[in-house]
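The values are calculated or read from the model by the stated rules, or taken from the named source; none is laboratory data. Please read these numbers as outputs of a predicted model, since none were measured by experiment. Every residue, glycine as well, gets a Cβ built from its backbone with ideal geometry; the counts of neighbours run over all protein chains shown. To get the accessible areas, we keep the full protein, side chains included, count just its heavy atoms, and leave off ligands, DNA and RNA. Shrake-Rupley method; radii C 1.70, N 1.55, O 1.52, S 1.80 Å.
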Amino acid sequence: MNVFVAPMQGLTDAAWRSIHAGVYGAADAYFSPFLRVENGMVRAKELRDITSPLNKNIRLIPQAIFRSVDELKIIAEAVSGAGYHSLDLNLGCPFPPQLNRGRGAAIVARPEVMELVAQCDFGLDLSVKMRPGVTSYDEWKTIMPILNSMKLNHVTIHPRLAIHGYKGPVNMECFAEMTDSIRHKIVYNGGIYSPLQIDTYNNIYGVMVGRGLIARPSMIEEWRSKEVWGIQRRISHLRLVLERLLQQYSETMCGDLQIIRHVQAFVEYVDPDFPPRIMKQLRKSQSIRAFEKALHEFK
Ligand SMILES: Cc1cc2nc3c(=O)[nH]c(=O)nc-3n(C[C@H](O)[C@H](O)[C@H](O)COP(=O)(O)O)c2cc1C
């Protein structure tokens, strides 16, 4: 079974991916945060993320968010031009700025867009990451025959409605129903926080782990080696990750606060088992020095 890393804007960027792979061993694939079109071009910052040399030791699959086949063509061309052969299509984003413009999960209810996509040859292996719908668990039913007519490497399902964002229970009944209707290989995504949980999905093509992996970055390695890491080992490795992030971001960003805020985004998700006093110091640090001081206590 494959264990993939979910795309997460602001978290799973090139720096984090390379550090994760270096410290814990690479996942089967990492999906990039979505690439989008702005003023007729792929946003430069997002393109830099997939062309960074930091990606050289991992398998990276870029992801596209789009509202029309024309937008998708622009992204596909840029992705091919960067030397990639695969592209993941985002049919799940719940953020209003994207959703309200007909992108992400909104595409599930816009079969006319997917019909055009299905007729194009982008010269890339496509996969889809989707939700069942925006407001109803039935929305996917219209688009499914189109997805089934396409050549797709796999379909990742995050069984929550877009209106629920990333909170609340996942709907496993809906996941089972979708799985029965899809002729492609299935990847499950949503709420996996421990290596043991990964095993519950061993009859499908793969799982995709997101926030659970930021909380416990050793999760894939623990699952592979069938060895649960003790808290001390997890803490010492996490410290290494945070130190390397700090170093990487210091090379590419300006200003203490910008660098610190970026690293603190990871701390927000970290395992609640970790020492609360130090976690609090890391969260509250206003300078690199204060953050490093807190890290030194984190043994
Ligand atoms: C901060 C944040 C950013 C995200 N960015 C993306 C994205 O760029 N593309 C995407 O398909 N999903 C994105 N997601 C959704 C995740 O890939 C994943 O589907 C979601 O977090 C549920 O999985 P999890 O419970 O394992 O975290 C994002 C989620 C979060 C919390």
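From largest to smallest, the equivalent ellipsoid semi-axes obtained for region 128-204 from the alpha-carbon gyration tensor read 20, 17, 9 Å. Computed from the C-beta positions of Arg43 and Gln119 and an R0 of 25 Å, the FRET efficiency is 0.40 to the nearest 0.05. Here the Karplus curve 6.51 cos²θ - 1.76 cosθ + 1.60, taken at θ = phi - 60°, turns the phi angles of region 205-213 into couplings of 5, x, 10, 10, 10, x, 4, x, 7 Hz, with x standing for Gly and Pro.
Between the residues Ser285, Phe175, Ile204, the greatest Cα displacement towards the positive end of the dipole of the chain, with unit charges on the Cβ of Lys, Arg, Asp and Glu, is found for Ser285. The modelled label-to-label distance between Glu173 and Arg110, using points 7 Å beyond Cα along the C-beta direction, is 3.0 nm. DSSP beta bridges fully contained in the chain are about 5 percent antiparallel.
For region 1-147, treating each Cα as an identical point scatterer without solvent, what Debye log10 I(q)/I(0) comes out at q = 0.13, 0.17, 0.22 1/Å? Ignoring solvent entirely, the Cα scatterers give -0.56, -0.95, -1.43.
Value of Rg to Rh for the chain, rounded to two decimals, is 0.97; Kirkwood radius and Rg both from alpha-carbon coordinates.
Residue ranking by accessible heavy-atom surface, 1.4 Å probe, largest first, among Lys151, Lys73, Lys280 comes out as Lys151, Lys280, Lys73. Dipole of region 2-225 (Lys/Arg Cβ +1, Asp/Glu Cβ -1, origin at the Cα centre): which of Pro97, Thr142, His154 lies farthest to the positive side? Final value for the positive-end residue is Pro97.
Taking the C-alpha atoms only, the angle from helix 256-267 to the longest principal axis of the chain is near 70 degrees. With 32 Å as the limit, the listed pairs Lys73/Lys141; Lys56/Lys129; Lys167/Lys293; Lys129/Lys226 have Lys167/Lys293 beyond it between alpha carbons. When you restrict to C-alpha pairs under 8 Å that are six or more residues apart and normalise by the size of region 231-296, the relative contact order lands at 34 percent. Checking the cross-link filter: which aspartates and glutamates have an alpha carbon closer than 16 Å to that of Lys45, excluding same-chain neighbours under 8 positions apart? Hits, sequence-local ones excluded: Asp13, Glu251.
Taken one residue at a time, the phi angles of region 48-62 give Karplus couplings (6.51, -1.76, 1.60, θ = phi - 60°) of 4, 5, 8, 9, 4, x, 4, 7, 5, 9, 10, 8, 10, 10, x Hz. Gly and Pro are set to x. Based on Cα atoms of region 82-156, Rg over Rh with Rh as the Kirkwood radius reads 0.96. Rounded to whole numbers, the Karplus 3J(HN,Hα) couplings from phi for region 224-231 are 5, 8, 6, 10, 6, 6, x, 4 Hz, using 6.51 cos²θ - 1.76 cosθ + 1.60 with θ = phi - 60°, and x at Gly and Pro. When the charge dipole of the chain is built from unit charges on Cβ atoms (+1 for Lys and Arg, -1 for Asp and Glu) and taken about the Cα centre, the candidate among Pro275, Thr12, Met219 whose Cα reaches farthest toward its positive end is Pro275. To the nearest 10 degrees, how steeply does helix 172-181 sit against the main Cα axis of the chain, on a 0 to 90 scale? In the chain, helix 172-181 runs at an angle near 40 degrees to the longest axis.
Taking the average, over residues, of other Cβ atoms within 10 Å as the packing measure, peptides 191-197, 131-137, 117-123, 215-221 rank 215-221, 131-137, 191-197, 117-123 from highest down. Over all distinct Cα-Cα pairs of region 61-216, the Kirkwood formula returns a hydrodynamic radius of 15.8 Å. Taken per residue, the accessible surface of the chain reaches 45 Å², heavy atoms only and a 1.4 Å probe. Using the alpha carbons alone, the radius of gyration of region 231-296 stands to its Kirkwood radius in an Rg to Rh ratio of 0.94.
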